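*Asks:* Starting off with a structure, shown below.
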Protein chains: 2
Amino acid sequence: VRVLVCASTGDTSAALAAYGARANIPVVVLLPAGKVSPAQLLQPLAHGAHVVEIDGDFDACMKVIQQVGARDGVLLANSKNPLRLLGQATVAYETVRDLGWRAPDVVVVPSGNLGNIGALYQGFSLLRALGVTRSMPRLFAAQVDAAAPFHAARASGYQAITAVTSKDTLATAIRIGDPVSFSRARRAVLETDGGTTSASEDEVIAGMRALDESGLLACPHTGAAMAGVMQLARAGELGKDDLVVLVSTASGLKFAESKARVTTRAPARARANERAVVDALAGVGVSL
Amino acid sequence: VRVLVCASTGDTSAALAAYGARANIPVVVLLPAGKVSPAQLLQPLAHGAHVVEIDGDFDACMKVIQQVGARDGVLLANSKNPLRLLGQATVAYETVRDLGWRAPDVVVVPSGNLGNIGALYQGFSLLRALGVTRSMPRLFAAQVDAAAPFHAARASGYQAITAVTSKDTLATAIRIGDPVSFSRARRAVLETDGGTTSASEDEVIAGMRALDESGLLACPHTGAAMAGVMQLARAGELGKDDLVVLVSTASGLKFAESKARVTTRAPARARANERAVVDALAGVGVSL
């Protein structure tokens, strides 16, 4: 392999750039121009990847990267490459290990290009086939209203998918109108009695907030998955004793700007003495 | 404990806010107004902490928080509190465990308030006293020229420290002119044959860049520690076979703005077709 390439609005490019730097293999990253946060752009650039911004959306990037990735000596790191799925399947292994070698009842995963849910299905299937676990979790793909072609396929029992034109969303990394891994994802939800959810932007924000206030700093995609969990709970899809796992796909720190834009909290201000600080805190309901 | 409080320009406030949210205990954070990045402010706010910006520098925040922290039912989480040091000492335990239960030869740690190096000394000392390890690492405090009172104390063999007025620096979290844990830090460097380093802003940037290009996304403080390692190497302080550990105190993602400001790389731009992308990459020396 001479060059590693991927199209990615965030996490894939960051990871590929970091590991490429470590292995001394050049990395090329295609991004849709103007659709990526500075924090997301920072990582591939810092790790020395060759970043090309494309005049087009993520789906356009995917088309070009598949052509580029077919060249000799070029390895494509997107989920079109089955090796990528083997790596992603380790999420299932780590989940089962962290739960004391049992499968969860439900897994909800942020979903755009649909590679993750297919890889989870593959991973959990292998563990059951090996006898490590005795059951399969129900797998749910959490999308956002701005880009929900898989959720829309629910009407047909997930038999067919229709590409959509994606809209603006806080959840930029799952803003994908024409997912490449539909057939794998279909199998994952149909064979596990799983399904899909789709969150409005307000629900994404509420999902992030719920996680933030429990001590986890959530990215918008994880907020979309939390919104999915809330929807499934309201719809009576979750049993009272179900063990539910939510896959968090990125640190909230990568999305400081969009999180700051939707935060309702602001700091108080005080002069540098004890009395002033105590008074300022009393003003927000904290008595010292 | 009714309320947890700390003064912090970054990591302590983020951690305290997250764990406080998890434990359902109110958290109060004092910050110097205008000296904290939006990403650093984001975490305590998102986790529901009560943030008060103080008209003054970090040293002023420390004075006030010690008065506030002395009140009944208020627990101070800064390193003035010995419980905090017990927590920080776990860095030594994890380091030794990750090295297969041996002590490193040298540890370099970003240093401002000087709590960390004292806690590392305590942790490594305990492991040696218990017979887990057979040696102590040499401990080095890495400061920046903008706030280097401990490094300046080198002239007196670390017998006395003089508070300084700190200057602007990328390494905001170690911008401390009047460190509270000097006596613990003095003991750490004197009893381990360690010492101090101090980095210019250019050296901080070069240190970050070296780490970034090896696949780790470094914060400015970690960059200062890397600069310290480079200085020690040039000064002949490091043996050829020395096992050197650099403590990284935060994710580079918390410092996206300052890192973006010093990055020398920029993305290329291309139209959405294979030929255009191949040409753009050839222009930056990558042949596909």
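*Asks:* Pick from A:A141, A:A152, A:A227: which residue has the top mean-square fluctuation in a GNM of chain A where Cα pairs under 10 Å get a spring?
*Replies:* Most flexible of the set in this elastic network: A:A152.
*Asks:* Would you list A:S248, A:S198 from the most to the least accessible area, probe 1.4 Å?
*Replies:* Per-residue accessible area, sorted high to low, gives A:S248, A:S198.
*Asks:* So who's got an amide H within less than 5 Å of the one on B:G177, skipping anything under 5 residues away but keeping other chains? H placed 1.01 Å off N, in plane.
*Replies:* B:D59, B:S166
*Asks:* So, one more: Pairs of alpha-carbon atoms within less than 8 angstrom and 6+ residues apart define the contacts here; what relative contact order does the stretch B:113-253 have, in percent?
*Replies:* The value is 25 percent.
*Asks:* Something else: Which percentage, to the nearest 5, of the DSSP beta bridges contained in chain B is antiparallel?
*Replies:* 5 percent
*Asks:* How many Lys pairs in chain B lie less than 23 angstrom apart by Cα atoms, where the lysines are 8 or more positions apart or on different chains?
*Replies:* Total qualifying Lys-Lys pairs in chain B comes to 9.
*Asks:* Relative contact order for the stretch A:5-61: what percent, with Cα pairs under 8 Å and sequence separation of 6 or more?
*Replies:* Worked out over the stretch A:5-61, it gives 41 percent.
*Asks:* Another one. For A:V247, what is the net charge nearby, where nearby means another residue's Cβ is under 14 Å from its Cβ and Lys, Arg count +1, Asp, Glu -1?
*Replies:* Value of the local net charge: -2.
*Asks:* Does any residue of the stretch B:201-243 lose at least 20 Å² of accessible area with all protein chains in place compared with its chain alone, and if so which ones (probe 1.4 Å)?
*Replies:* The answer is B:D212, B:E213, B:S214, B:G215, B:L217 - residues whose exposure falls by at least 20 Å² when every protein chain is included.
*Asks:* Among chain A residues, which Cβ is nearest the axis of the A-onto-B rotation, and at how many Å?
*Replies:* Whole-Å result, nearest residue of chain A to the axis: A:L253, 2.
*Asks:* Something else: Name the trypsin sites (Lys or Arg not before Pro) in the stretch B:227-271 that are in a loop by DSSP and that have at most 11 other C-beta atoms within 10 Å, would you?
*Replies:* For trypsin sites (Lys or Arg not before Pro) across the stretch B:227-271 that sit outside H, G, I, E and B with at most 11 neighbouring Cβ atoms in 10 Å, the list reads B:K240.
*Asks:* Need one number: buried accessible surface between chains B and A, 1.4 Å probe, both sides summed, DNA, RNA and ligands left out, in Å² to 100.
*Replies:* Separately minus together, B and A give about 5200 Å² buried.
*Asks:* Taking springs between alpha-carbon atoms closer than 10 angstrom, which of B:A92, B:A21, B:A142 fluctuates most in the Gaussian network model of chain B?
*Replies:* In the Gaussian network model the winner is B:A21.
*Asks:* Separate question: Would you calculate, for the protein assembly as shown, the mean residue ellipticity at 222 nm contributed by helices, counting each DSSP H stretch of 4 or more residues as -39,500 (n - 2.57) and dividing by all residues, to the nearest 500?
*Replies:* -12500 deg cm²/dmol
*Asks:* Related question: In whole Hz, what ³J(HN,Hα) sequence does the stretch B:94-99 give by Karplus (6.51, -1.76, 1.60; θ = phi - 60°), x for Gly and Pro?
*Replies:* My calculation for the stretch B:94-99 gives 5, 4, 5, 4, 5, 8 Hz in order.
*Asks:* Please arrange A:V109, A:V164, A:V36 by accessible surface area, largest first, computed with a 1.4 Å probe and ligands excluded.
*Replies:* Highest to lowest solvent-accessible surface, that is A:V164, A:V36, A:V109.
*Asks:* Kirkwood Rh over Cα pairs of the stretch B:124-170 into Stokes-Einstein at 4 °C, 1.567 mPa s: D in µm²/s?
*Replies:* 99 µm²/s
*Asks:* For peptide B:52-64, how many partner chain Cβ atoms fall within 10 Å of a residue's Cβ, on average?
*Replies:* 4
*Asks:* Which loop-located trypsin sites (Lys or Arg not before Pro) does the stretch A:133-174 contain, where loop means any DSSP state but H, G, I, E or B and the Cβ has at most 14 other Cβ atoms within 10 Å?
*Replies:* The qualifying sites are A:R134, A:K167.
*Asks:* Report ³J(HN,Hα) in whole Hz for each residue of the stretch B:157-172, in order, from the Karplus equation J = 6.51 cos²θ - 1.76 cosθ + 1.60 where θ = phi - 60°; Gly and Pro get x.
*Replies:* Calculated HN-Hα couplings, in order: x, 6, 6, 9, 10, 10, 4, 10, 8, 6, 10, 4, 7, 5, 8, 4 Hz.
*Asks:* How charged is the neighbourhood of A:K63? Take every other residue with its Cβ under 10 Å from the Cβ of A:K63, and add Lys/Arg as +1 and Asp/Glu as -1.
*Replies:* Once all neighbours under 10 Å are counted, the net charge is -3.
*Asks:* Per residue of B:32-43, count partner chain C-beta atoms within 10 Å of its C-beta, then hand back the mean as an integer.
*Replies:* 4
*Asks:* Name the long-range amide H neighbours of A:V51: under 5 Å, sequence gap of 5 or more, or other chain; modelled H, no Pro or chain starts.
*Replies:* Residues meeting the amide H criterion: A:V29, B:A268.
*Asks:* For chain A, set up a GNM with springs between Cα atoms under 10 Å and report which of A:D98, A:D145, A:D202 has the largest fluctuation.
*Replies:* Of A:D98, A:D145, A:D202, the Gaussian network model singles out A:D98 as fluctuating most.
*Asks:* Using a 1.4 Å probe on the protein chains only, how many percent of the accessible area of the protein assembly as shown belongs to carbon and sulfur?
*Replies:* Summing carbon and sulfur atoms, their accessible area is 51 percent of the total for the protein assembly as shown.
*Asks:* So for the stretch A:69-134, taking the charge dipole from beta-carbon charges (+1 Lys/Arg, -1 Asp/Glu), which of A:Y121, A:T95, A:A77 sits furthest toward the positive end?
*Replies:* A:Y121
*Asks:* If you don't mind, another one. 5 Å is the cut-off here: which amide hydrogens, built 1.01 Å from N in the peptide plane, fall below it relative to A:A199, excluding neighbours closer than 5 in sequence?
*Replies:* The list, which skips near neighbours in sequence, is A:Q143, A:V144, A:D145.
*Asks:* Also, quick follow-up: What does the charge dipole of the protein assembly as shown about its Cα centre add up to, to the nearest 20 debye, if the Cβ of each Lys and Arg holds +1 and the Cβ of each Asp and Glu holds -1?
*Replies:* Rounded to the nearest 20 debye, it is 600 debye.
*Asks:* I would also like to ask the following. Once phi is turned into θ = phi - 60°, what whole-Hz ³J(HN,Hα) does the Karplus curve with 6.51, -1.76 and 1.60 give for every residue of the stretch B:4-19, x standing for Gly and Pro?
*Replies:* 9, 10, 7, 10, 6, 8, x, 5, 4, 5, 4, 5, 5, 4, 5, 6
*Asks:* Here is a further query. Net charge near B:V144, counting Lys/Arg +1 and Asp/Glu -1 over other residues with Cβ under 12 Å of its Cβ?
*Replies:* Net local charge, B:V144 excluded: -3.
*Asks:* Once ligands and nucleic acids are excluded and a 1.4 Å probe is used, how much of B:T162 is accessible, expressed in Å² to the nearest 10?
*Replies:* 100 Å²
*Asks:* Hey, can you find the accessible area per residue of the stretch B:155-288 for me, probe 1.4 Å, expressed in square angstrom?
*Replies:* 47 Å²
*Asks:* Here is a follow-up. Ignore the peptide's own chain and count Cβ atoms of other chains within 10 Å of each Cβ in A:105-111; give me the average, rounded.
*Replies:* So the per-residue partner count for this stretch is 0.
The values are calculated or read from the model by the stated rules, or taken from the named source; none is laboratory data. Small disclaimer: the values here were computed from a predicted structure and weren't measured. Quick reminder, even Gly has a Cβ in these numbers, built from the backbone with ideal geometry, and neighbours come from all protein chains shown. Each accessible area value is taken on the protein alone, full model and side chains, heavy atoms only, with ligands, DNA and RNA left out. Shrake-Rupley method; radii C 1.70, N 1.55, O 1.52, S 1.80 Å.
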